[in-house]
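Have a look at the structure below, then the notes.
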């Protein structure tokens, strides 16, 4: 018997089969980088485009070892792999990027808040709370967050009384996690500072963007953030770069921020993977966040984060309330109306409120870019009639 041929490059394992892993595939092809995927189910988003994939539970260490056998590096579509398993993979000699000591700050909000306080990063006032009386002592109104497992508005509650604390504590108790109370911040808008960092310490910072959230889900992103004080933009980039270094992040780090009404930025959340607020980079930057994440985790020189156009607008396509037909059927109108439009679909089943794709529009006129992107996203979501222009 002949042995299988050597792969043309080191193999990168990716844990999690969502749209972020799916969008890593295209730059991986250009780089000649083989990907091996652990998907959570047959036919999920990334499994449709990454041939070398298997289905299994990321919470099972034997499954992780089987998938990563023969790989040089492992990275992630999500932050939910148990920290103890990541240490075990490191002990096996696998390069885990980002590493478990870094990733825990995106996995556990209580750990994140303690570390950010030690680093002197600007944050909302916060505390771990164990019962409704602790929340009352902290002060209403406030935001309660489960320390682990929350995303897209899940595991987050705005509470104004002890009675409203019942559900958050029940959810946290059922999940065996802590609750973190954070002050309710009166903010002007939400921003995101995205950076890439390699193991050798090279780093690149993308322009700071403005994000719009609806019911805890990102709806649109404007790059760069309009009318942002250049000094504050620089401060946000320096903060993100400093956190990437202090936490020893490898890959993409997204620092979600509040811009307060008195001209400060406060750290809201951290994500150590490609992030929804960076999807604009696929078409609006010289090097996308997905390519720079791959370059970083493989310790290749990073690409330029410079924007290609004055403005880029990203709008998410969400599943509508009365979905019928196929997203594909939206292409004839959307592309005929706007030949410059860039559409990215995730191959997901349509469900109300689910992120199933996004559109990017770029150009020199912000109002025009906003109109183009919003119209296209609404068209794909079935929110516009067939006679809409």
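Applying the criterion of being at pLDDT 95 or above and closer than 14 Å to residue 69 by Cβ to the residues of segment 1-26, the residue that is surrounded by the most Cβ atoms within 10 Å (Cβ to Cβ) is 15. Scanning segment 336-350 for residues that are part of a strand (DSSP E or B) and without any contact (Cβ under 8 Å) to a residue 60 or more places away in the chain turns up 343, 345. The set of residues in segment 74-83 being surrounded by fewer than 19 Cβ atoms within 10 Å (Cβ to Cβ) and not in a loop (DSSP other than H, G, I, E, B) consists of 83 alone.
Which of the following residues is within 30 Å of residue 132 (Cβ to Cβ) and surrounded by 17 or more Cβ atoms within 10 Å (Cβ to Cβ): 220, 183, 259, 190? On inspection, the qualifying residue turns out to be 190. Is there a residue being farther than 19 Å from residue 46 by Cα, exposed (fewer than 12 other Cβ atoms within 10 Å of the Cβ), touching a residue at least 12 places away in the same chain (Cβ under 8 Å) and not assigned by TED's automatic domain parsing to the domain that holds residue 77 anywhere in segment 310-323? Looking through segment 310-323, at least one residue is farther than 19 Å from residue 46 by Cα, exposed (fewer than 12 other Cβ atoms within 10 Å of the Cβ), touching a residue at least 12 places away in the same chain (Cβ under 8 Å) and not assigned by TED's automatic domain parsing to the domain that holds residue 77.
Selection of segment 84-99 for residues being surrounded by fewer than 16 Cβ atoms within 10 Å (Cβ to Cβ), out of contact with any helix residue (DSSP H, G or I) (no Cβ under 6 Å at 6 or more places or on another chain) and assigned to a helix (DSSP H, G or I) yields 84, 90, 91. Report yes if residue 47 is within 17 Å of residue 292 (Cβ to Cβ), in contact with a strand residue (DSSP E or B) (Cβ under 6 Å, 6 or more places away or on another chain) and outside the structural domain of residue 269 (by TED's automatic domain parsing), otherwise no. When the stated conditions are applied, residue 47 does not pass them. Of all residues in segment 100-120, those being on the phi < 0 side of the Ramachandran plot, surrounded by fewer than 19 Cβ atoms within 10 Å (Cβ to Cβ) and not in a helix (DSSP H, G or I) number 0. Filtered by the rule that a residue be assigned to a helix (DSSP H, G or I) and touching a residue at least 60 places away in the same chain (Cβ under 8 Å), segment 1-57 gives 19, 20, 22, 23, 24, 26, 27, 28, 30, 31, 48. If you check 353, 320, 330 for being part of a loop (DSSP other than H, G, I, E, B) and either touching a helix residue (DSSP H, G or I) at 6+ places or on another chain (Cβ under 6 Å) or on the phi > 0 side of the Ramachandran plot (or both), only one passes: 353.
The values are calculated or read from the model by the stated rules, or taken from the named source; none is laboratory data. Owing to the predicted nature of the structure, the values given are computational and were not obtained by experimental measurement. With ideal geometry, Cβ positions are generated from the backbone for all residues, glycine too; neighbour counts draw on all protein chains shown.
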